[in-house]
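The values are calculated or read from the model by the stated rules, or taken from the named source; none is laboratory data. Predicted, not measured: the structure shown is a model, and the values here were computed from it. Here the Cβ is made from the backbone with ideal geometry for all residues, glycine too, and neighbour counts use every protein chain on show.
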Amino acid sequence: MKVLKFGGTSVGTVESINAVLAIVKKSFEAGEKPLVVLSAMSGVTNLLTTMAENAAARVPFENDLKFLEERHFEVVKKLIAVKYQNPVFTKLKLMLNELEEILQGVSALKELSAQSKDLIVSFGERLSNYMVSKVMEQYVEQASYLDASHYIKTDSNFGNAHVNEEITQQLIQSLGHTHSDKLLFVTGFIGSNEKGRVTTLGRGGSDYTAAIFGAVLDVTAIEIWTDVNGMLTADPRIVKKAFSQPVLSYTEAMELSYFGAKVIYPPTMIPAFLKKIPIVIRNTFEPDFTGTVIQFESGKSAYPIKGISSISDISVINLSGSGMIGKSGFSGRLFTLLAREQINVVLITQSSSEHSITFAVHPDDAKKAVSLIQTEFELELEANKLLTPSVEDNLSVLAIVGENMKRTPGMSGRLFYALGRNGINVRAIAQGSSELNISVIIGKENLEKALNAVHDAFFAQLKKTLNVFNVGTGNIGSTLFRQILEQHDFLVENNDIEIKVAGIANSRKMLFNADGIDLKTWDAQLDADGEVADLAAFIDRMKAMNLPNCVFIDNTASKLPSTYYEDVFKANISIVTCNKIANSGEYAQYALLRDTARKHGVDFFYETNVGAGLPIVRVLKDLMLSGDRIVKIEAILSGTISYIFNNFVGDASFYETVKNAQALGYTEPDPRDDLGGVDFMRKMLILARDAGHQLEPSAVDLGAILPETCLAATSVDDFYAELLKADHYFNALKEQAASENKVIRYIGKLEDGQVSIALEMVGENHPFYALSGSDNIISFTTERYKERPLVVKGPGAGAEVTAAGVFADLVNVGA
Ligand code: ADP
Ligand code: ASP
Ligand code: MG
């Protein structure tokens, strides 16, 4: 024999009821002798609660009653043959009339007792079970309706009644004899007290009903059919990547559900546990999926935890004072008091000095708890041995659960790292002595982000999602989007990284989408749906969206974004940038940014500041980290200048070479922006700083390429006129180089903490002699690379390689 329980969504519509019928029929035909427990149709318990409250407040409830009737009648019309419909309508109508009379009574008295409320909500289960049993009767004549309130006996704690096991057991056992040939449809959720008044077992209590019947009847399995594929690693409404766990132990399921996993009602586990009956959670809408088995053994698992659950609304009460020290009876008195008054304490933590106790309760209970404490501990409070209890609201509890945790060290470290990295402050921590669960209290506003971040941290074999906010959609930005799009599947498959671009802005417009902007059409969307750009608003929105593993990418060449970097780090958001401005301004700013990023545990990557996609910043960092000492750095870091000097050979004049380079797009609109060396200076400065030198930009000895007259020109045309006049100067340089068998190079150097950049002539033996095209080259002479320096060489400019460098930085965030 089996118990099959179907929840509200499974009996919510005509289609879902059809799915239920198919499952029950199959089980019946397979000889499993199922006993079926149904909830009320989805939404009906809530609606009945509202109607009851409305009646007491004299708010009309008639329309709701009509709606309730229509929902049930529709099922009858669609699923029961016309000739059988009338008696079913009549019986449903009788029940609804009874309900109406009760509501009218409540309305007349203007008072809703807990007892009346239970009676009113019990109609949900009674209507649905009667109705579905009648639908089933057409196919299985043994189908029969059973009102469980006659079988489950409880105390009079209306709304959350406790079951009297002994009497209940006797009553249900008798059923086994009288109804053994029936296919019973049993109302979930409801019972009755010793006077026969209807009670309810707590919201979600139909699961419990199933377990109570299952345990007494000694069934082989209690199947809980719902609308998801079993018990998932987290609430799927919040964590999109949550997946179904094939096996959980009773205690694991209990902990997860106690801490908010709504899919099963916590008390359900107890009767099943005592009789060692497996509970199987299955999906009515995917009946072939095996779901989750809850059993004695927790089973092997690849992951250290089984799931993450949460309670979104919690209040925390702090008690502190010297009066608690060494008073062993104190917490006993406190928690006995709360238990006596039916205040459920969700979580307790106590500092090891016993100087304070923090505990979490449902927000509705917080006031009451404080006033109880004030009465109970009046003397201690008066004597200042206890400070007035303080209450904190708007908090949530997040719990990680799993029996494997006991055997795996470092679980709390992993949890706190994931939270810390995402800027989520932990207010209190509790670890059960069973080590089955670690719970933390956090701000409610961070719950969604925390659940996702923690899920990523513990189910790491699954892909990590990076949420990107990108400013700048020029060459580099748009190339990056294309590369992300092209690499998407590869990254997901091979690196388990999913990149979502959640925000895009340029100087005109900005666009957001927490689910990820479609990168095939980002530009059209930005045009059509973008809001007017405003960088401050963009940053604010990025923070407000509060997404986990968030990265801000600055693909602009402007100073403005860099003024927000500090602020961005403080929001625990990593930064990837190809923009050099932040790193090459005042040293204090450079230091501050690193400090802030470190404090907040986020990344600051800017590989493309030097040599575009070439690994230069990273190589330097690795050398430093591994304890090597930099003796000297020599570099050519301007692709433009390289190109110009590589082509300034033979008969070409310097003037023509520069003109050509500009025509081919190798220079800035004003070639002096390249030839002036400022950009090169910035790169050298960043390298020197990364190598540990506290240098200001003014300390760089920047040797000129151009004569004064060219630099002083007031326009680009003027500049070219002056450059033409300076031909003899450059020709002399060229001739000298040729006569010495050398080439002209503009080389940056870091040595003895000094940075200089100057025109030099180098011979065949110099590693920079053979540089061609617009390549960059850098050589690191270090303690380890002394004889033969470590050289990195390659294309140091261009949208494709720069975007690829930004992309590589992005993928490394959080690695
Ligand atoms: P039923 O109406 O079948 O009793 P419930 O609404 O009570 O169903 O519970 C199922 C819902 O629980 C799912 O639709 C899901 O949104 C939610 N849920 C929350 N946490 C979890 C979890 N860890 N695993 C599965 N479902 C969960
Ligand atoms: N119908 C009840 C509720 O909504 C019981 C249940 O569905 O389990 O809480
Ligand atoms: Mg439920």
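Some points to look at:
- Where helices (runs of 4 or more DSSP H) fall entirely within the range 706-766, those with at least 2 residues that are touching a residue at least 40 places away in the same chain (Cβ under 8 Å) are at 716-725, 727-739.
- Those residues of the range 5-15 which are away from ligand 2 (no atom under 14 Å from the Cβ) and either assigned to a helix (DSSP H, G or I) or in contact with a Pro (Cβ under 9 Å, 6 or more places away or on another chain) (or both), in sequence order: 14, 15
- For the residues 154, 187, the requirement of being among the β-branched types (Val, Ile, Thr) and in contact with a helix residue (DSSP H, G or I) (Cβ under 7 Å, 6 or more places away or on another chain) singles out 187.
- Selection from the range 254-275 of residues that are in a loop (DSSP other than H, G, I, E, B) and touching a strand residue (DSSP E or B) at 6+ places or on another chain (Cβ under 8 Å): 259, 260, 261, 263, 264
- Residues satisfying the stated conditions in the range 616-640, i.e. in contact (Cβ under 8 Å) with a residue 12 or more places away in the chain, in a helix (DSSP H, G or I) and farther than 9 Å from residue 780 by Cα: 617, 619, 621, 623, 624, 639, 640
- Of all residues in the range 227-240, one or more are in contact with a Phe, Trp or Tyr (Cβ under 8 Å, 6 or more places away or on another chain) and either among the aliphatic types (A, V, I, L, M) or within 12 Å of ligand 3 (Cβ to nearest atom) (or both).
- Within the range 24-81, being within 41 Å of the chain's Cα centre (by Cα), β-branched (Val, Ile, Thr) and more than 30 Å from residue 112 (Cβ to Cβ) holds for 24, 36.
- Taking helices (runs of 4 or more DSSP H) as the structural unit, those lying wholly within the range 345-462 and holding at least 2 residues that are touching a residue at least 24 places away in the same chain (Cβ under 8 Å) correspond to 363-376, 411-421, 447-458.
- Within the range 16-44, tally of residues that are within 16 Å of ligand 2 (Cβ to nearest atom), of a type outside the set (A, V, I, L, M) and out of contact with any Gly (no Cβ under 9 Å at 6 or more places or on another chain): 1
- Qualifying residue in the range 40-63 (condition: more than 28 Å from residue 157 (Cβ to Cβ) and surrounded by 13 or more Cβ atoms within 10 Å (Cβ to Cβ)): no
- Screening residue 309 with (1) at pLDDT 95 or above; (2) within 16 Å of ligand 2 (Cβ to nearest atom); (3) not in a helix (DSSP H, G or I) gives one miss only, at (2).
- Candidate set: the range 641-664, residues that are among the small types (Gly, Ala, Ser) and assigned to a helix (DSSP H, G or I); chosen: the one nearest to residue 758 (Cα to Cα): 642
- Pairs where the first residue, in the range 46-61, is under 10 Å from residue 107 (Cβ atoms) and modelled with pLDDT under 95 and the second is outside any helix (DSSP H, G or I) and within 16 Å of ligand 2 (Cβ to nearest atom), C-beta under 6 Å, 6+ apart: none
- The residue that is nearest to the chain's Cα centre (by Cα), counting only those in the range 170-188 that are more than 10 Å from ligand 2 (Cβ to nearest atom) and in a loop (DSSP other than H, G, I, E, B), is 182.
- Single match in 341, 255 (criterion: within 16 Å of ligand 1 (Cβ to nearest atom) and not small (Gly, Ala, Ser)): 255
- Of the helices (runs of 4 or more DSSP H) lying entirely inside the range 497-608, those carrying at least 3 residues that are in contact with a strand residue (DSSP E or B) (Cβ under 8 Å, 6 or more places away or on another chain) and among the aliphatic types (A, V, I, L, M) are 535-545.
- Residues in the range 189-205 that are touching a Leu at 6+ places or on another chain (Cβ under 8 Å) and assigned to a strand (DSSP E or B): 3 in all.
- From the list 687, 695, the lone residue that is modelled with pLDDT of 95 or more, more than 18 Å from residue 612 (Cα to Cα) and of a type in the set (A, V, I, L, M) is 695.
- Residue within the range 260-282 that is under 31 Å from the mean Cα position of the chain (by Cα), hydrophobic (A, V, I, L, M, F, W, C), away from ligand 2 (no atom under 16 Å from the Cβ) and more than 30 Å from residue 516 (Cβ to Cβ) present: yes
- In the range 1-24, the residues that are more than 16 Å from ligand 3 (Cβ to nearest atom) and among the basic types (Lys, Arg): 2
- Entry remark, the range 16-32: residues being surrounded by fewer than 17 Cβ atoms within 10 Å (Cβ to Cβ) and part of a loop (DSSP other than H, G, I, E, B) number 2 in total.
- Within the range 325-334, the presence of a residue that is more than 29 Å from residue 435 (Cβ to Cβ) and either under 27 Å from the mean Cα position of the chain (by Cα) or modelled with pLDDT of 85 or more (or both) is excluded.
- Scanning the range 206-218 turns up no residue that is near ligand 1 (Cβ under 8 Å from one of its atoms), part of a strand (DSSP E or B) and within 30 Å of residue 304 (Cα to Cα).
- Once the range 431-457 is narrowed to residues that are touching a Phe, Trp or Tyr at 6+ places or on another chain (Cβ under 9 Å) and among the hydrophobic types (A, V, I, L, M, F, W, C), the residue that is surrounded by the fewest Cβ atoms within 10 Å (Cβ to Cβ) is 457.
- A search for C-beta distances below 6 Å between a residue of the range 581-594 that is farther than 11 Å from residue 697 by Cβ and in contact (Cβ under 8 Å) with a residue 12 or more places away in the chain and any residue that is among the charged types (D, E, K, R) and exposed (fewer than 15 other Cβ atoms within 10 Å of the Cβ), counting only pairs 6+ apart in sequence or on different chains, returns 581/559.
- Qualifying residue in the range 170-188 (condition: in contact with a Gly (Cβ under 9 Å, 6 or more places away or on another chain), within 12 Å of ligand 1 (Cβ to nearest atom) and within 29 Å of residue 84 (Cα to Cα)): yes
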